[in-house]
Amino acid sequence: MAERFDSLEQKIDYLLDRAEITEVINNYCYGMDSRDWELYRSCWVDEIALDFTELELFDKPMPTIRADDWVKGLAAFFENMPQSQHIKYPSQWEIDGDEATVLAIMQGKHWMPTETGGPIQTVVGYYRDEFVRTDEGWKLRGLKELVHWNEGNAHVLDSNLLNMFEVLKAAAR
């Protein structure tokens, strides 16, 4: 559905918001894949809500978590993984003042040699990202991963998930 605007200024503001949110999405992916945890952390507000239930790693959405703890957990997940590539392409936008929801097409590839099959695991689907405008610009405040399918060797993730869970459990104490 095409957006309707009463003025050119409203249209420009909408397009600027989309461009700024897209930059956050790009920094989210590049920060994760380059292991630039400062860049990745810059994408988030301080308290975040994450829902990875469709990955079947969690049976319910995670409770609200401090973004710093999430970044530490994710860093532990990728600590021993030589390469990954995450692609998010924003395809649907709902911007309402200082809040936005973006549906983004997602593909995450994880590469790590294992003794139990091939070195690649891929997850395909969408992210439903929740953004809020802050004094520093747009930031993520939550996301839900909508998995359509996984392919490849799921064992690529095994030890990495254990590392992440240990860090997140310690943070929850």
Unmet requirement for Tyr126, which otherwise passes all of (1) in contact with a strand residue (DSSP E or B) (Cβ under 7 Å, 6 or more places away or on another chain); (2) farther than 18 Å from Met32 by Cα; (3) without any contact (Cβ under 8 Å) to a residue 40 or more places away in the chain; (4) not β-branched (Val, Ile, Thr): (2)
Residue list for the range 135-173, restricted to those being among the charged types (D, E, K, R) and farther than 15 Å from Ile25 by Cβ: Asp135, Glu136, Glu151, Asp158, Glu166, Lys169, Arg173
In the range 35-52, the residues that are part of a helix (DSSP H, G or I) and surrounded by fewer than 16 Cβ atoms within 10 Å (Cβ to Cβ): Glu38, Leu39
Subset tally (residues that are under 16 Å from Leu143 (Cα atoms) and in contact with an Asp or Glu (Cβ under 8 Å, 6 or more places away or on another chain)) for the range 69-87: 1
Enumeration of residues in the range 27-39 that are farther than 17 Å from Met81 by Cα and touching a residue at least 12 places away in the same chain (Cβ under 8 Å): Asn27, Tyr28, Leu39
Test: residue in the range 156-163 that is in contact with a strand residue (DSSP E or B) (Cβ under 7 Å, 6 or more places away or on another chain) and modelled with pLDDT of 95 or more: no
Single unsatisfied condition, Ala172 versus (1) under 28 Å from Thr22 (Cβ atoms); (2) surrounded by fewer than 17 Cβ atoms within 10 Å (Cβ to Cβ): (1)
Residue count for the range 86-117, restricted to those that are of a type in the set (Gly, Ala, Ser) and at pLDDT below 95: 1
Pick from the range 98-119, criterion over 20 Å from Trp138 (Cα atoms) and of a type in the set (Gly, Ala, Ser), ranking: nearest to the chain's Cα centre (by Cα): Gly108
Per-region count, the range 131-169, residues farther than 30 Å from Pro113 by Cα, buried (at least 17 other Cβ atoms within 10 Å of the Cβ) and not aliphatic (A, V, I, L, M): 5
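The values are calculated or read from the model by the stated rules, or taken from the named source; none is laboratory data. Worth saying up front: this structure is predicted, and the values here are computed from it rather than measured. Cβ: placed from backbone, ideal geometry, glycine included. Neighbour counts: every protein chain shown.
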